[in-house]
Amino acid sequence: MNLLKLLRITSPVLIALMAAAPAQEAAALALTRGPYLQTGTSSGLIVRWRSDLASDSRVRVGTSPANLNLTFDQPASTTEHIVQVNGLNPQTKYYYSIGSTTQVISGADSNTYFTTAPTTGTQQPTRIWVIGDAGNGSAGQTAVYNAYRNFTGANPTHLWLQLGDNAYNSGTDAEYQSNMFNMYPDMFRQSVTWPTLGNHDGASADSATQTGPYYNIFSLPKNGEAGGVASGTEAYYSFDYGNIHFIVLDSHDSVRTAGSPMLTWLESDLQASNAEWNIAFWHHPPYSKGSHDSDTESQMVEMRQNTLPILEAYGIDLVLTGHSHAYERSKFIDGHYGLSSTFSDATHVVQTGSGRTDGTGAYNKPVGGVAHAGTVYAVAGSSGSIGGGTLNHPAMYLSLNELGSMVLDVNGLTLDAKFLNNNGTVRDYFTLTKGGTPPPQLANVSGVVWQDVNADGIRVAGESFLQGIEVRLYTDTNALVATQSTNSSGGYQFASVAAGNYYVRFTPGTRSISPQDQGANDSIDSDASPADGKTAVFNAAAGSSIVNVDAGMFTPGGAPQTVQLQDGLNAYAGTQDTHVASNKATTNYGNATTMLADGSDATYGRLIGLMKWTVSSIPSSATVTNATVTLRVSNKSVGNYNLYAVNTAWSEGTATWNSVNPLANQGLLIGSFLPSATGSYTIQLNSAGISLVQSWVNGSAANNGFMIVDGGTSDGVDLRSSEYGTQAQRPKLTVTYQ
């Protein structure tokens, strides 16, 4: 066949392929996981995400969201995007976006950023969040996360350690999605996370071959990319951050016997470390009497017998573990490798006392890796659930059967550790110092200002917080220390103030201050005097956190009041939401973190969302003047969606298509919205909607909420539900009344 004839035959095929290529390139990518950050160093990190369609990968980086002038690409087409970002400056905040070379699918905003690590060896204030056994998708996991977010506030999280059992029950990819990525979206996009393998993660992963979801999901520095000696495996590794060296071990699936590859590498890594702080973490604790007993489980026994002598010989400072669903914190100890019955304070305690600067003093040890100078061992396995146990191991200074997480703050040669429970209360704290005289310990003072709807001086669910209220901190001799305005959550914090006696003064403006010290619960009462806005004088001890220094305010004379009803906001928990599906007519979706509305889904048929809020915090005599609904769109369709009243009773835990029969019980149209992009949408209810809310408040009609119905779009909209992990993205009803 001659060439001209061949070209004539093949040219239609070529033309068709060329025409198809632009159409494929133009297909809109959607983000299905991430972004999330891995293997952070002083010059860069790895950015990962997952998309619904395969494409090449691009990360754009810059020091402002509006100027992402650095570009990092991976040309291979994939749905699992892994991009190495490098050549950056140390300890610098960068904003970024992700997508393909032709599309941006996430980022380029003020919420998508990371901060590079400081230069190895330098002293920089560092905040570390530590969670263990968290990923069970429970309300407890959500509460622990929200407590930390509220606690840290504007303070950045430089490192995020996961102590294993990160995704229950078997560490599958789907479980990681629902119980980790959906729970901590902001943490994943802003802070580098460093995990270790737990036994539940190991149910679907294999350390010998580095296969399974755990190894597929995480990119860990097996070649010494982030400092330390190369281990050659992602099962165990090390990394540096400033003046801290971290050692991450595999207590579940790697050999733990003396002379094993992991322990041989461990000694080499410790020999090479010149860091001022050495912190190790893994899953199975060497000391515990929680939901697991360190006297009886082989992994716990072997880690204690074979690993601890190596760590302590090189001066390890702190060891963090999970597995037992409790919080346990040891004394300052060394040299105990046997059963709990053989522990002796006289033999094994290096320095007695609490380790608290406001008590018996901080634990102190020499600078450098001095052998057998004392170590604290902490079990933080209660970030998702608690499991009890005798909690009486003699090595422990304190044991708590409480949900929570740990917060570590390293500043120079001082390490402060706290256990923060799910209610935001610091239930334990201790300090480690190196060399010299410990620096003076500072205190924190914080609280909230809220709109006290009924002016009774007690904060209840549904009462909203007040932004922009001036708050001043004074010494007891009336010297002004600092001034702040409350943030969008009504909160303020005076951080790092010298120990001493203080009072707070609130400036109400046109509002009035509620009655002072009402009721028996100081965490929800108003502490300010209605006469002058001043609280009583309180003592802020060194190293303490004085919380709940609050003020309630109200607007006298029948002026408009506003309440915001959103699960997790000011203890409100009255939202019910779900969706029902015509092709799954007897299935209930009440526990889903996503609520759906769709007119043409092939599998589920018609999908209609249902929502309602408890409005009992609004006085029944109130006149509702306005109402809005705020929804967070996580996956959009270009089309109109309508809100209608529901004319039949339903509940989140039992609602199905058959029980609700939504199309037959569709009431008045009360609002609509057009989700042209992902993000938050505030929907103004029309006059019928405001009247509907009024009827709920005064009891003239049953509160059956409303339904979300597509307006004929060919695809559906995905909305965050009240079960979603991030409180600020849950559905919110805002009501203004007189």
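Taken together, the values in this text are just the output of simple stated rules run on the coordinates, not laboratory data. All figures in this text were calculated on a predicted structure; none of them were measured in a lab. With ideal geometry, Cβ positions are generated from the backbone for all residues, glycine too; neighbour counts draw on all protein chains shown.
Under 5 Å between amide H atoms, partner at least 5 residues away or on a different chain: which partners does residue 398 have, H built in plane at 1.01 Å?
It is 329, by chain and number.
Is the stretch 31-115 rounded, prolate or oblate when judged by the Cα gyration tensor, a ≥ b ≥ c being the square roots of its eigenvalues, rounded requiring a/c under 1.5 and prolate requiring a/b larger than b/c?
prolate
Is the C-alpha gyration tensor of the stretch 175-328 telling us rounded, prolate or oblate? Criteria: a/c under 1.5 is rounded; beyond that, a/b larger than b/c is prolate, otherwise oblate.
rounded
If you project the alpha carbons of the stretch 595-738 onto the principal axes, what extent comes out on each, in Å, largest first?
47, 31, 28
If you take the C-alpha gyration tensor of the chain, multiply each eigenvalue by 5 and take the square root, what semi-axes do you get, largest first, in whole Å?
The equivalent ellipsoid of the chain has semi-axes of 43, 39, 24 Å.
To the nearest µm²/s, what D does Stokes-Einstein give for the stretch 442-557 at 20 °C and 1.002 mPa s, using the Kirkwood radius over alpha carbon pairs as Rh?
Result for D is 154 µm²/s.
Any chance you could check the Cα centroid distance between the stretch 567-606 and the stretch 454-531 for me, in angstrom?
39
Once the principal axes of the Cα atoms of the stretch 640-687 are found, what is the range along each, listed largest first in whole angstroms?
Its Cα atoms span 32, 25, 15 Å along the three principal axes.
With the Cα gyration tensor of the stretch 126-434 giving a ≥ b ≥ c as the square roots of its eigenvalues, does the rule (a/c under 1.5 for rounded; else a/b larger than b/c for prolate; else oblate) give rounded, prolate or oblate?
rounded
Please quote Rg/Rh for the stretch 523-644 to two decimal places, taking the Kirkwood radius as Rh and restricting both calculations to Cα atoms.
Taking Rh as the inverse mean 1/r over Cα pairs, Rg/Rh reads 1.14.
Restricting things to Cα coordinates, could you compute the convex hull volume per residue of the stretch 676-738 in Å³?
139
For residue 632, what charge total do you get from the other residues with a beta carbon under 15 Å from its beta carbon, if Lys and Arg give +1 and Asp and Glu give -1?
Its environment carries a net charge of -2.
Once you list every other residue whose beta carbon is under 13 Å from the beta carbon of residue 36, what net charge do they have if Lys and Arg are +1 and Asp and Glu are -1?
So the surrounding residues net to +2.
Report ³J(HN,Hα) in whole Hz for each residue of the stretch 48-55, in order, from the Karplus equation J = 6.51 cos²θ - 1.76 cosθ + 1.60 where θ = phi - 60°; Gly and Pro get x.
10, 6, 10, 10, 6, 10, 6, 7
How much mean residue ellipticity at 222 nm does the chain get from its helices, if each DSSP H run of length 4 or more adds -39500 (n - 2.57) and you divide by all residues, to the nearest 500 deg cm²/dmol?
-3500 deg cm²/dmol
Quick check: convex hull over the Cα atoms of the stretch 342-388, volume per residue in Å³, rounded to an integer?
154
Within the chain, how many Lys pairs sit with Cα atoms under 19 Å apart, leaving out pairs fewer than 8 places apart on the same chain?
Lysine pairs, 8 or more places apart or on different chains, close enough: 8.
Hey, what's the per residue convex hull volume over the C-alpha atoms of the stretch 291-412, in cubic angstrom?
So the per-residue hull volume is 109 Å³.
May I ask for the distance between the Cα centers of the stretch 73-148 and the stretch 270-330, given as a whole number of Å?
Here the answer is 27 Å between Cα centres.
Tell me the net charge near residue 394. Cut-off is 12 Å between Cβ atoms, residue 394 excluded, with +1 for each Lys or Arg and -1 for each Asp or Glu.
Here the charged neighbours net out to -1.
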